[in-house]
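The values are calculated or read from the model by the stated rules, or taken from the named source; none is laboratory data. These numbers were taken from a predicted model, which means no experiment stands behind them. Counting neighbours? That spans all protein chains shown, and the Cβs are built from the backbone with ideal geometry, glycine included. With ligands, DNA and RNA removed, areas are computed over all heavy atoms of the protein, side chains included. Shrake-Rupley method; radii C 1.70, N 1.55, O 1.52, S 1.80 Å.
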Amino acid sequence: MTLPRSLTDAERLDWLRLARTQNVGPVTFAQLIGRYGDAGRALAALPEIAARAVRGKSVAIPPADLIRREIDAATKYGARIVASCEPDFPALLRALDPPPPALTLLGNAALAAQPTCAIVGARNASAAGRKIARDMAAMLGKAGYTIVSGLALGIDGEAHAASLSTGTIAVLGGGIDHVYPPQHDRLYAEIAQQGLILSEMPFGHRAKAQDFPRRNRIITGLARGTVVVEAAERSGSLISARVANEQGREVMAVPGSPLDPRAAGTNNLIRNGAALVRHAGDVLEVLSSLPLLQVSAPPADFYDPVHGGGDPIPPSETARVREALSPHAMPLDEIARATGIHAARVGAILMELELAGEAITFPGGLAARAV
């Protein structure tokens, strides 16, 4: 395992240019670094890779000046950008395979190194749900846990406000400078002063609906366990719970009345195996009993130099993988089975198809056709 090290200014520039390149998600980023060894060599290889996947296709690599302006803007704002290979990158997030390539941090980065617990839930939370979130966050904070949430209205906001004095981390769906929702501008300012705000998105980026699943992955990835206080049957909080399960993190849920639709999701989580928690004492009991973390990852051979790449990939193999993809995400080993191609080589082909805008790869070894 390579030990974390700080990047030089030139290396950071290349790292961010690669991370901000069109169609380069966390999986493809990790594959490119694994194949070429560093971001600079990966950037040099990108045009040929994209053109090979689809004849004549180009890839939009951001110019160096654009990334310099992002770094300067973050610095002037009081934030800093940390790459996943650097010592200050949160260790629990680095354990994910793959981790987010880079984060922008505003505030006390040391909070991410403390014991952490995520608390999420409904935006239209009930008065009871709000009180549970406040009490739980305050007591967990006094017990030494940093509270992680998403700065949303309802449960998230209550959890942040109750843990300001003990340590709270807000994960944003947009850039570090984009306060969303705007009703939380004062809470945002207080967290920036006393806690930690972080984002995977570039400085200045305004959050879109498709950004929030990636935000949720970071919320759960920062924490050993996630508590869902209230959630309807279809909600972002349930997506967070599913992602936490995939990451090998503990999922806990507060039960509620069967007559309240805001409890339908949490009750169903409990029915399907989530730990039932009523208060902070129950949460502490669950967290204290956890074994060493096991985090999910793509298969170990998702890319290796023997089966994954090295030699040019024949167009016939690329066509077989493209044909096997569907709009619904499928495990890489299922795609490999359908095509008769080694899983690591399928991973290399998917990387090229993603760069060409024809596929989407997801953490956990899943891929789908881009629509």
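Based on this model, can you work out whether residue 206 counts as of a type in the set (Lys, Arg) and in contact with a helix residue (DSSP H, G or I) (Cβ under 9 Å, 6 or more places away or on another chain)? No: the conditions fail for residue 206. Against the definition (at pLDDT 90 or above and crowded, with 16+ Cβ neighbours inside 10 Å), how does residue 267 come out, yes or no? In short, yes.
Among the residues here, residue 170 qualifies as open to solvent by less than 60 Å² (accessible area, probe 1.4 Å) and part of a strand (DSSP E or B).
Within the range 100-121, the set of residues being open to solvent by 20 Å² or more (accessible area, probe 1.4 Å) and more than 28 Å from residue 230 (Cα to Cα) comprises 107, 108, 109, 110. Being open to solvent by 40 Å² or more (accessible area, probe 1.4 Å), over 27 Å from residue 242 (Cβ atoms) and modelled with pLDDT of 85 or more is a property that residue 320 has.
Against the condition surrounded by 20 or more Cβ atoms within 10 Å (Cβ to Cβ) and within 30 Å of residue 67 (Cβ to Cβ), how does residue 238 come out, does it pass? No.
Results for (1) modelled with pLDDT under 95; (2) under 18 Å from residue 205 (Cβ atoms); (3) among the charged types (D, E, K, R); (4) open to solvent by less than 60 Å² (accessible area, probe 1.4 Å), shown as yes or no for each residue.
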site: 3; (1), (2), (3), (4): yes, no, no, no
site: 22; (1), (2), (3), (4): yes, yes, no, no
site: 47; (1), (2), (3), (4): yes, no, no, no
site: 64; (1), (2), (3), (4): no, no, no, yes
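Take the conditions basic (Lys, Arg) and surrounded by 19 or more Cβ atoms within 10 Å (Cβ to Cβ) and apply them to residue 12. Does it pass? Yes, satisfied.
Scanning the range 124-147 finds one or more residues that are open to solvent by less than 10 Å² (accessible area, probe 1.4 Å), of a type outside the set (Lys, Arg) and assigned to a strand (DSSP E or B).
Taking the criterion of being of a type in the set (A, V, I, L, M, F, W, C), modelled with pLDDT under 95 and either over 20 Å from the mean Cα position of the chain (by Cα) or open to solvent by less than 10 Å² (accessible area, probe 1.4 Å) (or both), no residue of the range 173-209 qualifies. Out of the residues in the range 349-369 that are open to solvent by 10 Å² or more (accessible area, probe 1.4 Å), under 21 Å from residue 314 (Cα atoms) and in a loop (DSSP other than H, G, I, E, B), which is modelled with the lowest pLDDT? Here the residue is 357. Taken as a whole, the range 44-67 holds at least one residue that is out of contact with any Gly (no Cβ under 8 Å at 6 or more places or on another chain), among the β-branched types (Val, Ile, Thr) and closer than 24 Å to residue 364 by Cβ. When 232, 241 are checked against the criterion of being of a type in the set (A, V, I, L, M), part of a helix (DSSP H, G or I) and at pLDDT below 95, 241 stands alone in meeting it. Being farther than 26 Å from residue 19 by Cβ and surrounded by fewer than 23 Cβ atoms within 10 Å (Cβ to Cβ) is the requirement here; does residue 76 meet it? Taking the combined requirement at face value, the residue does not satisfy it.
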